[in-house]
Every structure is written in C-alpha cells, then in structure tokens.
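The values are calculated or read from the model by the stated rules, or taken from the named source; none is laboratory data. Keep in mind the model is a prediction, meaning the values are calculated, not measured. A quick note on method: Cβ atoms are made from the backbone with ideal geometry, for glycine too, and the neighbour counts reach across all protein chains shown.
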Amino acid sequence: MGLLTQADRGHGPPGKFAVADLQEGNHMLRFLSETGKWENVALSPCQVPFARRMDIDQEALAFGGRLWWVDLAWGAISADPFSDRPELSFVELPRGSVLPAGVQDEAFRRGSPLRDAQGRVWWEQAPVSYRRMGVSQGRLRYVEVSQGEPFFLSSFVLDDEGRGWTLERRVVLNKLWGSTMGLPLQERGSTRIVLVDPLNANVVYLTVHRIAVVAVDMDRQEVIGCYPYRSDLCLPCVLPPWLRSSRIPSAGKKYVEKNKTLADVLVRSPSH
C-alpha cells in the first residue's frame, strides 16, 4: 500500500490523505480521509502494456501527486488515488535494464536461506537486491548495480514528461572499493542497494557482503560513509518542519482532535 497527502493550497500541512493498493482486474482498493471509508474503485483504461504481469517488489512511492508501484524487472505504474476514476500510467525502466518476464519468480523459486556450493543464496540474484527506485531532490530516480565486471553503479532520472530516463551518474564499484575501503572487491550478488538518499541524489547507500552499509557519492566518486550492517530494510523518510503542529485530516472535518494519530483514523479493511 502507498500513502499520499494533498495540501489545500499545494503546499504546507495536508488537507487530506489517501491510502491505496492495486488490485487484480484493474481495480484499486483505497481509503480517503474525506470519506473515512475503504472502497474498491475501477481504474480507467490507458496505454499500459499488459503483455506481462506486474510483480511489485518494493515499497510504493509518492511522487508528482501520484502513487507509484514498482516492478524492478520491468517498470513502474502510477495513478492518482484522489481521482474519481484513477487512470493508470506506465513508464518502462531505462533501455537495457528491462529483464525477461518471470525473472523474479525464477529467483525466488530457486530461493533458499542455505548457500549453494559456490556460497551464493539464490534470492540474492533477484532484481530487488541490486535495483532500487526512489524520490530524491524532487525527482523520481532509478539506480542499479550491474551483475558483471566491472560492476557499474548507475543512476537515472525520470524526465519531466514522465516518459523516459536519462543517465545521470555511473561509477565503477571495484575501483571505489579498492581505492577507499578495506572491504573485499565487488562480486556478483555481494552488493545490494539499500536506498537512494532523499536529500542528495548523488548519494546511494549499499550493503557490502552483509558486513557494512556504505554511502557512495557518485558525483565525487568516493565512499563518504561506512556503518555496521544491521538490515536491508530501510525506508527513507523526510519529515516536514510543520509535522509537530499539524493535525491529521478526518472524514467530514478539516482537522481532528490534537492527539489523534494516523492509526486512530485509518481503519483497515476486513480483507487486509
């Protein structure tokens, strides 16, 4: 599910919010703060290439007044959950990054927490481990680590029309590891992308051999931080300055009681 807020004047504290999830059969399950109810709404047809199934494999993103659901082997689909009849829009990954249909299923089908004879865990070869989409400095960005020598870390930005990607940065990880760190050189499946820094589009956080989390500045082409590894499950979150004094929108009211939280307002559907 994804969460999207909307301000009355386009900026400042939100006047309303929506929580939404894509459903099979071109439907969206959503909760609107204005109504205080869950509903299943039909999605307007559009030019989405449904020749293959979307395999959503990372958290939903809020960008450009829309929620985005990402298939890291194919592309991203988005919709405005506030619309009376939300319309889907699709953008494919950069040229050369689109993988065959079913690659995620194959990686997880062969998946096991036990390492094979070469010391690999099969699920580490799934695209979700070495690819990431995120919002940074007000733009939608896609980053990936190549799975062969010389192991490039590449960063792309979505154009203003939301139709294509432009390569912004590309660095060679083996070169960085060898010149700035005492960690082993990059190997296939050993380096995973954790997140894109939401405030600095040049900075990407990676895990290396599950030993450390490193922050790579792609513009400076150097490692600018190294931290003990704890988990790959990290979500970037930029807290607005007005958060402490704002109140959560509720159905039929502009504001709710001061001490009410999102958990108090958001009633989960019976099916979730």
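Tabulated results
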read-out: Residue match in region 155-171 (condition: part of a strand (DSSP E or B), more than 30 Å from SER89 (Cβ to Cβ) and either small (Gly, Ala, Ser) or at pLDDT 90 or above (or both)); value: yes
read-out: Among the candidates ARG53, ARG85, ARG9, residue that is charged (D, E, K, R), farther than 29 Å from TRP242 by Cβ and over 20 Å from the mean Cα position of the chain (by Cα); value: ARG85
read-out: Residue within region 249-264 that is at pLDDT 70 or above and within 26 Å of LEU61 (Cβ to Cβ) present; value: yes
read-out: Every residue from region 75-94 that is among the hydroxyl-bearing types (Ser, Thr, Tyr) and within 16 Å of LEU158 (Cβ to Cβ); value: SER78, SER89
read-out: Filtered residue count, region 136-154, keeping only those that are outside any loop (DSSP other than H, G, I, E, B) and acidic (Asp, Glu); value: 1
read-out: Single unsatisfied condition, GLU87 versus (1) surrounded by 15 or more Cβ atoms within 10 Å (Cβ to Cβ); (2) in contact with a strand residue (DSSP E or B) (Cβ under 6 Å, 6 or more places away or on another chain); (3) farther than 19 Å from VAL238 by Cβ; value: (1)
read-out: Unmet requirement for ARG132, which otherwise passes all of (1) outside the structural domain of LEU153 (by TED's automatic domain parsing); (2) at pLDDT 90 or above; value: (1)
read-out: Given (1) within 28 Å of ARG131 (Cβ to Cβ); (2) touching a strand residue (DSSP E or B) at 6+ places or on another chain (Cβ under 6 Å); (3) buried (at least 17 other Cβ atoms within 10 Å of the Cβ), index of the condition LEU3 fails; value: (3)
